[in-house]
Amino acid sequence: MASDDLIREIAATAARLVVEEGLEYGPAKHRALKVLGLPKRSALPDNELLEDEVREYLALFCADTQPAELAALRQLAALWMERLAEFRPHLGGAVWRGTATRLSNIHLQLFCDDSKAAEIALLNAGVDYDVGQANGPRGQPADMLVLAAPCRELGESVTIALTILDHDDLRGALKPDARGRSERGDLTALRKLLMQQEQDSPS
């Protein structure tokens with residue numbers, strides 16, 4: 001059984017990869033094993049511990065840049081949530097949790113009555129996208145539409161991943177995580193976060 005110190009070292013290494021390379025949590029944990037020269041079957045830190053380490057890394061090394069980058073990503077997410085309002089968009093991932101940097105993707109979940117409706121809406125709007133897959137709420141694969149959107153504040157394009165879920169999945173999606181926090185939020189919740197962030201930022 002891996003010691004707590006080793007688990008924390010894996011989490012700290014993974015956190016650096018999340019922040020510096022924009023990796024998602026799963027790939028970052030496995031890359032951390034390789035970086036540390038540990039066996040592939042080594043015990044991995046849970047997401048809560050990894051998130052704590054990410055926040056600590058951000059506070060130590062990115063305090064001057066990360067808040068503005070997060071605000072830019074949240075504003076871009078809000079813009080796309082307005083555009084996709086008919087599909088009940090909810091924001092999740094690092095942009096929702098407040099740990100995002102300019103390397104992070106924006107993760108939106110769309111709760112659709114018709115699984116193809118969002119694709120048709122993007123096509124009608126002339127938006128180019130790629131189709132991939134994500135894990136759905138019951139372990140089933142879900143379609144993911146991936147597009148690049150310009151972000152004026154960052155001066156570069158940002159990847160937006162739209163996971164297509166059934167309307168019926170929305171109720172379960174709003175259950176809190178292990179720490180009692182919501183794992184995603186709608187546009188109203190996101191606007192509250194933006195307002196709070198603006199109030200907290202030094203003038």
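Here is a yes/no grid of residues against (1) free of Cβ contacts under 8 Å to residues at least 40 places away in the same chain; (2) farther than 28 Å from Glu20 by Cα:
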{"position": "His107", "(1), (2)": "no, no"}
{"position": "Asp113", "(1), (2)": "no, yes"}
{"position": "Leu123", "(1), (2)": "yes, yes"}
{"position": "Asp143", "(1), (2)": "yes, no"}
{"position": "Glu153", "(1), (2)": "no, no"}
{"position": "Ser157", "(1), (2)": "yes, no"}
{"position": "Thr163", "(1), (2)": "no, no"}
Tell me, which helices (runs of 4 or more DSSP H) wholly within the range 107-203 include 3 or more residues that are within 26 Å of Glu51 (Cβ to Cβ) and modelled with pLDDT under 90?
170-173, 187-200
For Thr101: the one exception among (1) under 16 Å from the mean Cα position of the chain (by Cα); (2) at pLDDT below 95; (3) assigned to a loop (DSSP other than H, G, I, E, B):
(2)
Going by what's in this entry, would Leu49 be described as surrounded by 14 or more Cβ atoms within 10 Å (Cβ to Cβ), modelled with pLDDT of 95 or more, more than 22 Å from Arg102 (Cβ to Cβ) and not acidic (Asp, Glu)?
yes
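The values are calculated or read from the model by the stated rules, or taken from the named source; none is laboratory data. In this text the structure is predicted, and so the values were computed from the model without any measurement. Backbone-built Cβ (ideal geometry, glycine too); neighbour counts: all protein chains shown.
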